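Following: one structure in structure tokens, then a few remarks.
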Amino acid sequence: MELKDIVAVTGVSGLKKLVSNRNDGLILSDLDDTNKKFYPSRTHLFSPLDNISIYTDDDMVSVGEVLGMIKKNETTIPVISSTSSNEDLKKYMAQILPNYDRDKVKVSDIKKLVRWFEIINPYNIIKTEDDKVAE
């Protein structure tokens, strides 16, 4: 499983894994390959995680890169809970990605990012820069 196979679906909590693509929607499963279900494109919007980016002061950084930064720094900067206070979430984001755009990146975006990390980290699909160099 790779980050490109992980999908956020509107109206559905958590993340799903892409199983198959159909003209009128997607067949998705839980990340552990249970509960396969069809999600019609008429009622849902789909966002593969590798297509999502975080605004910075300079440009944008992919969610995959930010998740990699969280993973790389989790020993020195402990991962915060997605239920932490707004101020704590902002401080944490500033530690992970110091140049994130404070006007465009909302607290709800940071919460979602942390929640996604909590969900997919056990599956060992988040790559750090060190992992990419080793490949």
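Derivation of every value follows stated rules applied to the coordinates shown; laboratory data play no part. These numbers come from a predicted model, not from an experiment. Every residue, glycine as well, gets a Cβ built from its backbone with ideal geometry; the counts of neighbours run over all protein chains shown.
This table checks each residue for (1) among the charged types (D, E, K, R); (2) touching a residue at least 60 places away in the same chain (Cβ under 8 Å).
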site	(1), (2)
Thr34	no, no
Arg42	yes, no
Leu67	no, yes
Ser82	no, no
Lys104	yes, no
Asn121	no, no
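From the list Val105, Val79, which residue is surrounded by 14 or more Cβ atoms within 10 Å (Cβ to Cβ) and in contact with a strand residue (DSSP E or B) (Cβ under 9 Å, 6 or more places away or on another chain)? Step through it out loud before you land on a result.
Values: Val79 fails: in contact with a strand residue (DSSP E or B) (Cβ under 9 Å, 6 or more places away or on another chain).
Exactly one of Val105, Val79 is surrounded by 14 or more Cβ atoms within 10 Å (Cβ to Cβ) and in contact with a strand residue (DSSP E or B) (Cβ under 9 Å, 6 or more places away or on another chain), namely Val105.
For the range 19-66, name all the residues that are in a helix (DSSP H, G or I) and aliphatic (A, V, I, L, M). Break it down stepwise before answering.
Filtering the range 19-66 down to residues in a helix (DSSP H, G or I) leaves 49-51, 63-66.
Answer for the range 19-66, where residues must be in a helix (DSSP H, G or I) and aliphatic (A, V, I, L, M): Leu49, Val63, Val66.
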